[in-house]
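*Asks:* Let me begin by handing over the structure; questions about it come next.
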Amino acid sequence: MIRRTQDLSRAARDRFDSIIDVRSPAEFEEDHVPGAINLPVLDNAERIEVGTLYVQTSKFLARRIGAAKVARNIAHHLETALADRDSTFRPLVYCWRGGQRSGAMATVMEQVGWPVMVLEGGYKRWRRQVVALLYETPADAPQLQMILLQGRTGCGKTALLQQLQASGHQTLDLEGLAQHRGSLFGAMAAGQPSQKRFETRLVEAIETLDPARPLFVEAESSRIGEITLPPRIWSAMQQAPRITLSAPVEARTRHILAHYADIADNKSALEEALSRLPRHHSRETMAHWRSLAATGATAPLIEGLIRAHYDPSYDRWTARQDCTTLGTVAVDLSPEGIVQAARQIAEMAGKP
(Lines give C-alpha, C1' and ligand atoms only; values in the text may rest on other atoms or scores of the structure.)
Protein backbone atom coordinates (compact mmCIF):
# COMPACT_ATOMS: atom_id res chain seq x y z
CA MET A 1 0.00 0.00 0.00
CA ILE A 2 1.35 3.40 -0.97
CA ARG A 3 2.20 5.58 2.02
CA ARG A 4 0.95 9.14 2.28
CA THR A 5 2.09 12.21 4.19
CA GLN A 6 0.65 15.61 5.07
CA ASP A 7 3.88 17.06 6.45
CA LEU A 8 5.37 19.73 4.20
CA SER A 9 7.67 21.39 6.70
CA ARG A 10 11.14 22.21 5.50
CA ALA A 11 12.62 19.39 7.63
CA ALA A 12 10.13 16.89 6.18
CA ARG A 13 10.87 17.96 2.60
CA ASP A 14 14.59 17.57 3.19
CA ARG A 15 14.14 13.90 4.09
CA PHE A 16 13.31 12.99 0.48
CA ASP A 17 15.87 12.47 -2.28
CA SER A 18 13.50 14.11 -4.80
CA ILE A 19 10.15 15.86 -4.69
CA ILE A 20 8.43 15.00 -7.96
CA ASP A 21 5.63 17.16 -9.36
CA VAL A 22 3.74 15.08 -11.95
CA ARG A 23 1.44 17.92 -13.05
CA SER A 24 1.73 19.47 -16.50
CA PRO A 25 4.61 21.88 -17.25
CA ALA A 26 2.19 24.83 -17.28
CA GLU A 27 0.92 23.99 -13.79
CA PHE A 28 4.49 23.52 -12.57
CA GLU A 29 5.59 26.85 -14.08
CA GLU A 30 2.84 28.75 -12.28
CA ASP A 31 4.03 27.41 -8.93
CA HIS A 32 5.33 24.27 -7.23
CA VAL A 33 6.55 22.94 -3.91
CA PRO A 34 10.10 24.21 -3.13
CA GLY A 35 12.78 21.95 -4.56
CA ALA A 36 10.40 19.98 -6.76
CA ILE A 37 11.30 18.69 -10.22
CA ASN A 38 8.72 18.32 -12.97
CA LEU A 39 8.14 14.83 -14.38
CA PRO A 40 4.66 15.25 -15.90
CA VAL A 41 2.47 12.24 -16.52
CA LEU A 42 0.50 14.38 -18.99
CA ASP A 43 2.02 17.31 -20.86
CA ASN A 44 0.11 20.55 -21.48
CA ALA A 45 -1.57 19.44 -24.71
CA GLU A 46 -2.36 15.94 -23.40
CA ARG A 47 -3.97 17.33 -20.26
CA ILE A 48 -6.24 19.57 -22.34
CA GLU A 49 -7.08 16.73 -24.71
CA VAL A 50 -8.00 14.27 -21.95
CA GLY A 51 -9.93 16.91 -20.01
CA THR A 52 -11.94 17.90 -23.07
CA LEU A 53 -12.77 14.27 -23.82
CA TYR A 54 -13.87 13.76 -20.21
CA VAL A 55 -16.27 16.71 -20.27
CA GLN A 56 -17.55 16.67 -23.86
CA THR A 57 -17.37 13.09 -25.12
CA SER A 58 -16.96 10.12 -22.77
CA LYS A 59 -15.50 9.68 -19.31
CA PHE A 60 -14.56 6.09 -20.18
CA LEU A 61 -12.80 7.11 -23.40
CA ALA A 62 -10.97 9.91 -21.59
CA ARG A 63 -9.75 7.49 -18.92
CA ARG A 64 -8.61 4.88 -21.46
CA ILE A 65 -6.75 7.37 -23.67
CA GLY A 66 -5.40 9.18 -20.62
CA ALA A 67 -4.13 5.95 -19.07
CA ALA A 68 -2.22 5.09 -22.24
CA LYS A 69 -0.58 8.50 -22.34
CA VAL A 70 0.24 8.39 -18.62
CA ALA A 71 1.81 4.94 -18.99
CA ARG A 72 4.01 6.08 -21.89
CA ASN A 73 5.14 9.21 -20.04
CA ILE A 74 5.97 7.32 -16.85
CA ALA A 75 7.96 4.78 -18.89
CA HIS A 76 9.89 7.65 -20.49
CA HIS A 77 10.75 9.11 -17.06
CA LEU A 78 11.92 5.70 -15.83
CA GLU A 79 14.22 5.39 -18.84
CA THR A 80 15.59 8.96 -18.63
CA ALA A 81 15.32 11.20 -15.55
CA LEU A 82 15.04 8.28 -13.11
CA ALA A 83 17.33 5.82 -14.88
CA ASP A 84 20.28 6.31 -12.51
CA ARG A 85 18.33 6.00 -9.23
CA ASP A 86 19.16 2.91 -7.15
CA SER A 87 16.96 0.93 -4.75
CA THR A 88 17.49 3.41 -1.89
CA PHE A 89 15.89 6.30 -3.81
CA ARG A 90 13.25 8.02 -1.60
CA PRO A 91 10.81 10.15 -3.66
CA LEU A 92 7.83 12.26 -2.63
CA VAL A 93 5.25 12.52 -5.42
CA TYR A 94 2.40 14.97 -5.77
CA CYS A 95 -0.13 16.26 -8.30
CA TRP A 96 -2.93 18.80 -7.98
CA ARG A 97 -4.93 17.07 -5.23
CA GLY A 98 -2.90 13.94 -4.53
CA GLY A 99 -5.20 11.83 -6.68
CA GLN A 100 -4.97 9.95 -9.96
CA ARG A 101 -1.84 11.44 -11.51
CA SER A 102 0.36 11.10 -8.44
CA GLY A 103 -1.25 7.74 -7.68
CA ALA A 104 -0.31 6.41 -11.13
CA MET A 105 3.33 7.46 -10.75
CA ALA A 106 3.55 6.17 -7.19
CA THR A 107 2.05 2.80 -8.12
CA VAL A 108 4.75 2.22 -10.72
CA MET A 109 7.47 3.43 -8.38
CA GLU A 110 6.27 1.09 -5.65
CA GLN A 111 6.41 -1.83 -8.09
CA VAL A 112 9.98 -0.85 -8.98
CA GLY A 113 10.81 -1.14 -5.28
CA TRP A 114 11.31 2.48 -4.30
CA PRO A 115 9.93 3.58 -0.89
CA VAL A 116 7.69 6.20 -2.48
CA MET A 117 5.37 8.52 -0.58
CA VAL A 118 2.47 10.59 -1.93
CA LEU A 119 1.63 14.07 -0.66
CA GLU A 120 -1.94 13.88 0.55
CA GLY A 121 -3.88 16.83 -0.81
CA GLY A 122 -1.21 17.48 -3.45
CA TYR A 123 -0.15 20.97 -4.46
CA LYS A 124 -3.38 22.35 -2.96
CA ARG A 125 -2.11 21.36 0.50
CA TRP A 126 1.09 23.35 -0.08
CA ARG A 127 -0.90 26.33 -1.35
CA ARG A 128 -3.12 26.29 1.76
CA GLN A 129 0.02 26.33 3.89
CA VAL A 130 1.37 29.36 1.98
CA VAL A 131 -1.92 31.25 2.26
CA ALA A 132 -2.16 30.53 5.98
CA LEU A 133 1.34 31.88 6.60
CA LEU A 134 1.15 35.00 4.40
CA TYR A 135 -2.53 35.96 4.52
CA GLU A 136 -3.98 34.52 7.71
CA THR A 137 -0.84 34.71 9.91
CA PRO A 138 -1.43 32.03 12.57
CA ALA A 139 -1.13 33.21 16.17
CA ASP A 140 1.98 31.09 16.67
CA ALA A 141 3.73 32.48 13.57
CA PRO A 142 7.00 34.21 14.56
CA GLN A 143 7.12 37.98 14.18
CA LEU A 144 9.65 39.26 11.67
CA GLN A 145 11.97 41.86 13.22
CA MET A 146 12.32 44.00 10.10
CA ILE A 147 14.54 47.03 9.64
CA LEU A 148 13.89 48.84 6.36
CA LEU A 149 16.49 50.53 4.19
CA GLN A 150 14.99 53.54 2.48
CA GLY A 151 16.50 56.16 0.21
CA ARG A 152 16.24 57.85 -3.15
CA THR A 153 16.58 55.88 -6.38
CA GLY A 154 20.13 54.76 -7.09
CA CYS A 155 21.54 55.03 -3.55
CA GLY A 156 22.59 51.37 -3.47
CA LYS A 157 19.88 49.69 -1.40
CA THR A 158 20.17 46.37 -3.22
CA ALA A 159 23.97 46.41 -3.11
CA LEU A 160 23.83 47.12 0.62
CA LEU A 161 21.42 44.24 1.22
CA GLN A 162 23.84 41.95 -0.61
CA GLN A 163 26.77 43.22 1.47
CA LEU A 164 24.82 42.80 4.71
CA GLN A 165 24.00 39.22 3.75
CA ALA A 166 27.63 38.54 2.83
CA SER A 167 28.60 39.83 6.29
CA GLY A 168 26.33 37.31 8.02
CA HIS A 169 23.23 39.45 8.61
CA GLN A 170 19.70 38.37 7.75
CA THR A 171 18.18 39.96 4.65
CA LEU A 172 15.05 39.53 2.57
CA ASP A 173 15.46 40.59 -1.07
CA LEU A 174 11.87 41.18 -2.17
CA GLU A 175 12.90 42.61 -5.54
CA GLY A 176 15.05 39.56 -6.21
CA LEU A 177 12.17 37.22 -5.35
CA ALA A 178 9.82 39.27 -7.56
CA GLN A 179 12.41 39.52 -10.38
CA HIS A 180 11.84 43.26 -10.64
CA ARG A 181 14.04 46.13 -9.50
CA GLY A 182 11.12 48.17 -8.32
CA SER A 183 11.47 51.28 -10.45
CA LEU A 184 10.21 52.43 -13.84
CA PHE A 185 13.21 50.67 -15.39
CA GLY A 186 13.00 47.73 -13.04
CA ALA A 187 11.67 45.00 -15.34
CA MET A 188 14.08 42.12 -15.82
CA ALA A 189 14.52 40.23 -19.07
CA ALA A 190 13.34 36.96 -17.51
CA GLY A 191 9.98 38.49 -16.59
CA GLN A 192 8.23 38.22 -13.25
CA PRO A 193 7.01 35.00 -11.66
CA SER A 194 3.32 34.43 -11.02
CA GLN A 195 1.92 35.80 -7.77
CA LYS A 196 1.71 32.24 -6.43
CA ARG A 197 5.31 31.49 -7.40
CA PHE A 198 6.49 34.69 -5.69
CA GLU A 199 4.63 33.73 -2.53
CA THR A 200 6.17 30.27 -2.49
CA ARG A 201 9.62 31.83 -2.88
CA LEU A 202 8.77 34.18 -0.02
CA VAL A 203 7.73 31.33 2.28
CA GLU A 204 10.85 29.39 1.33
CA ALA A 205 12.97 32.42 2.30
CA ILE A 206 11.09 32.94 5.59
CA GLU A 207 11.66 29.30 6.52
CA THR A 208 15.41 29.98 6.74
CA LEU A 209 15.12 33.02 9.03
CA ASP A 210 15.77 33.31 12.75
CA PRO A 211 12.88 35.44 14.07
CA ALA A 212 14.98 36.54 17.04
CA ARG A 213 17.46 38.36 14.78
CA PRO A 214 16.96 41.63 12.84
CA LEU A 215 15.90 41.26 9.22
CA PHE A 216 17.08 43.92 6.75
CA VAL A 217 14.62 44.65 3.93
CA GLU A 218 14.48 47.34 1.27
CA ALA A 219 11.57 49.73 1.73
CA GLU A 220 9.01 49.12 -1.04
CA SER A 221 5.51 50.09 -2.00
CA SER A 222 2.85 47.41 -1.68
CA ARG A 223 3.49 46.38 -5.29
CA ILE A 224 6.73 45.38 -7.03
CA GLY A 225 5.98 45.47 -10.73
CA GLU A 226 2.94 43.19 -11.10
CA ILE A 227 3.50 41.46 -7.74
CA THR A 228 1.48 42.43 -4.65
CA LEU A 229 3.10 41.99 -1.24
CA PRO A 230 1.01 39.69 0.99
CA PRO A 231 -0.57 41.18 4.13
CA ARG A 232 1.86 39.62 6.64
CA ILE A 233 4.88 41.13 4.87
CA TRP A 234 3.29 44.49 4.11
CA SER A 235 2.01 44.88 7.69
CA ALA A 236 5.45 44.09 9.13
CA MET A 237 7.07 46.61 6.76
CA GLN A 238 4.65 49.38 7.70
CA GLN A 239 5.51 48.94 11.39
CA ALA A 240 9.28 48.52 10.92
CA PRO A 241 11.86 51.17 11.88
CA ARG A 242 13.89 52.58 9.01
CA ILE A 243 17.41 53.64 8.13
CA THR A 244 17.68 56.34 5.48
CA LEU A 245 20.44 56.18 2.87
CA SER A 246 21.77 59.21 1.03
CA ALA A 247 24.13 59.72 -1.91
CA PRO A 248 24.82 62.57 -4.38
CA VAL A 249 22.86 62.68 -7.63
CA GLU A 250 26.00 62.23 -9.73
CA ALA A 251 27.03 59.07 -7.86
CA ARG A 252 23.49 57.69 -8.08
CA THR A 253 23.47 58.32 -11.82
CA ARG A 254 26.69 56.34 -12.27
CA HIS A 255 25.34 53.55 -10.05
CA ILE A 256 22.13 53.25 -12.09
CA LEU A 257 24.09 53.24 -15.36
CA ALA A 258 26.20 50.36 -14.07
CA HIS A 259 23.36 48.30 -12.65
CA TYR A 260 20.71 48.93 -15.30
CA ALA A 261 22.99 48.47 -18.29
CA ASP A 262 20.59 45.96 -19.87
CA ILE A 263 18.03 48.75 -20.26
CA ALA A 264 20.39 51.70 -20.63
CA ASP A 265 21.91 50.10 -23.73
CA ASN A 266 18.55 49.16 -25.22
CA LYS A 267 16.81 52.07 -26.97
CA SER A 268 13.50 50.25 -27.39
CA ALA A 269 13.48 49.29 -23.71
CA LEU A 270 14.19 52.92 -22.76
CA GLU A 271 11.34 54.15 -24.97
CA GLU A 272 8.97 51.57 -23.53
CA ALA A 273 9.92 52.58 -19.99
CA LEU A 274 9.46 56.27 -20.76
CA SER A 275 5.99 55.53 -22.12
CA ARG A 276 4.97 54.40 -18.62
CA LEU A 277 5.84 57.73 -16.99
CA PRO A 278 2.95 59.64 -15.35
CA ARG A 279 1.19 62.14 -17.58
CA HIS A 280 2.01 65.17 -15.40
CA HIS A 281 5.38 65.68 -17.11
CA SER A 282 5.20 68.33 -19.84
CA ARG A 283 5.37 67.47 -23.53
CA GLU A 284 8.62 69.42 -23.80
CA THR A 285 10.21 67.43 -20.97
CA MET A 286 9.04 64.12 -22.42
CA ALA A 287 10.30 65.07 -25.88
CA HIS A 288 13.69 65.98 -24.41
CA TRP A 289 13.96 62.67 -22.55
CA ARG A 290 12.96 60.72 -25.66
CA SER A 291 15.59 62.57 -27.65
CA LEU A 292 18.25 61.67 -25.09
CA ALA A 293 17.16 58.04 -25.21
CA ALA A 294 17.20 57.94 -29.00
CA THR A 295 20.71 59.37 -29.20
CA GLY A 296 22.12 57.10 -26.49
CA ALA A 297 22.69 59.95 -24.03
CA THR A 298 21.73 57.77 -21.09
CA ALA A 299 23.70 59.58 -18.37
CA PRO A 300 21.91 62.94 -18.80
CA LEU A 301 18.63 61.07 -19.28
CA ILE A 302 19.00 59.24 -15.97
CA GLU A 303 20.11 62.37 -14.14
CA GLY A 304 17.13 64.26 -15.55
CA LEU A 305 14.75 61.51 -14.46
CA ILE A 306 16.27 61.45 -10.97
CA ARG A 307 15.88 65.21 -10.51
CA ALA A 308 12.46 65.69 -12.13
CA HIS A 309 10.72 62.36 -11.53
CA TYR A 310 12.26 60.00 -8.97
CA ASP A 311 13.35 62.43 -6.26
CA PRO A 312 10.07 64.42 -6.17
CA SER A 313 8.15 61.10 -6.10
CA TYR A 314 10.30 59.84 -3.22
CA ASP A 315 9.82 63.09 -1.29
CA ARG A 316 6.04 62.82 -1.64
CA TRP A 317 6.17 59.19 -0.52
CA THR A 318 8.30 59.85 2.57
CA ALA A 319 6.08 62.78 3.58
CA ARG A 320 3.19 60.31 3.90
CA GLN A 321 5.13 57.84 6.05
CA ASP A 322 4.62 57.71 9.80
CA CYS A 323 7.45 55.55 11.08
CA THR A 324 10.48 55.42 13.35
CA THR A 325 13.76 56.40 11.71
CA LEU A 326 16.94 55.09 13.30
CA GLY A 327 19.21 57.50 11.45
CA THR A 328 20.82 58.37 8.11
CA VAL A 329 23.84 56.75 6.44
CA ALA A 330 25.72 58.62 3.72
CA VAL A 331 26.72 56.08 1.08
CA ASP A 332 29.86 56.23 -1.03
CA LEU A 333 28.78 53.93 -3.86
CA SER A 334 32.28 52.55 -4.47
CA PRO A 335 32.83 48.90 -3.45
CA GLU A 336 34.72 50.04 -0.37
CA GLY A 337 32.00 52.57 0.42
CA ILE A 338 29.30 49.89 0.27
CA VAL A 339 31.24 47.76 2.78
CA GLN A 340 31.64 50.73 5.13
CA ALA A 341 27.98 51.76 4.82
CA ALA A 342 26.82 48.19 5.53
CA ARG A 343 28.95 48.23 8.69
CA GLN A 344 27.33 51.50 9.78
CA ILE A 345 23.85 50.13 9.09
CA ALA A 346 24.51 47.05 11.21
CA GLU A 347 25.85 49.20 14.04
CA MET A 348 22.84 51.51 13.81
CA ALA A 349 20.55 48.49 14.04
CA GLY A 350 22.35 47.42 17.22
CA LYS A 351 23.95 44.34 15.67
CA PRO A 352 27.57 45.17 14.68
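The values are calculated or read from the model by the stated rules, or taken from the named source; none is laboratory data. Small disclaimer: the values here were computed from a predicted structure and weren't measured. Don't worry about glycine lacking a Cβ; one is built from the backbone with ideal geometry, like all the others, and counts go over all protein chains shown.
*Asks:* Against the condition among the charged types (D, E, K, R), at pLDDT 95 or above, surrounded by 17 or more Cβ atoms within 10 Å (Cβ to Cβ) and farther than 21 Å from Ala12 by Cβ, how does Arg125 come out, does it pass?
*Replies:* The answer is no for Arg125.
*Asks:* Could you list, in sequence order, the residues of region 105-123 that are over 19 Å from Gln6 (Cβ atoms) and among the aromatic types (Phe, Trp, Tyr)?
*Replies:* Trp114
*Asks:* Taking interchain pairs and intrachain pairs at least six residues apart, which have beta carbon atoms under 9 angstrom, with the first residue in region 94-120 and modelled with pLDDT under 95 and the second among the aromatic types (Phe, Trp, Tyr)?
*Replies:* Arg97/Tyr123; Gly98/Tyr123
*Asks:* Name the one entry in Thr318, Thr324, Thr298 that is more than 22 Å from His259 (Cβ to Cβ), among the hydroxyl-bearing types (Ser, Thr, Tyr) and surrounded by 13 or more Cβ atoms within 10 Å (Cβ to Cβ).
*Replies:* Sole residue among the options that is more than 22 Å from His259 (Cβ to Cβ), among the hydroxyl-bearing types (Ser, Thr, Tyr) and surrounded by 13 or more Cβ atoms within 10 Å (Cβ to Cβ): Thr318.
*Asks:* Okay, next question. Filter region 152-175 down to the residues that are more than 20 Å from the chain's Cα centre (by Cα) and within 20 Å of Ser222 (Cβ to Cβ), then identify the one that is surrounded by the most Cβ atoms within 10 Å (Cβ to Cβ).
*Replies:* Among them, the one singled out is Thr153.
*Asks:* Taking the criterion of being under 29 Å from Ala141 (Cα atoms), in the same structural domain as Ile306 (by TED's automatic domain parsing) and crowded, with 20+ Cβ neighbours inside 10 Å, would at least one residue in region 241-253 satisfy it?
*Replies:* The answer is yes; a qualifying residue exists.
*Asks:* Quick one: in region 130-151, of everything that is of a type in the set (A, V, I, L, M) and assigned to a strand (DSSP E or B), which residue is surrounded by the fewest Cβ atoms within 10 Å (Cβ to Cβ)?
*Replies:* Met146
*Asks:* Given the residues Gly225, Gly191, Gly182, which is the only one that is in contact with a Gly (Cβ under 7 Å, 6 or more places away or on another chain), at pLDDT below 95 and outside the structural domain of Val33 (by TED's automatic domain parsing)?
*Replies:* Gly225
*Asks:* When you scan region 78-114, how many residues do you find that are under 19 Å from Asp31 (Cβ atoms), out of contact with any Phe, Trp or Tyr (no Cβ under 6 Å at 6 or more places or on another chain) and among the aliphatic types (A, V, I, L, M)?
*Replies:* Result for region 78-114: 1.
*Asks:* Select the helices (runs of 4 or more DSSP H) contained entirely in region 214-326, then report the ones holding at least 1 residues which are polar (S, T, N, Q).
*Replies:* Once the helices (runs of 4 or more DSSP H) in region 214-326 are filtered for at least 1 residues that are polar (S, T, N, Q), what remains is 231-239, 249-259, 267-274, 283-294, 298-305, 311-319.
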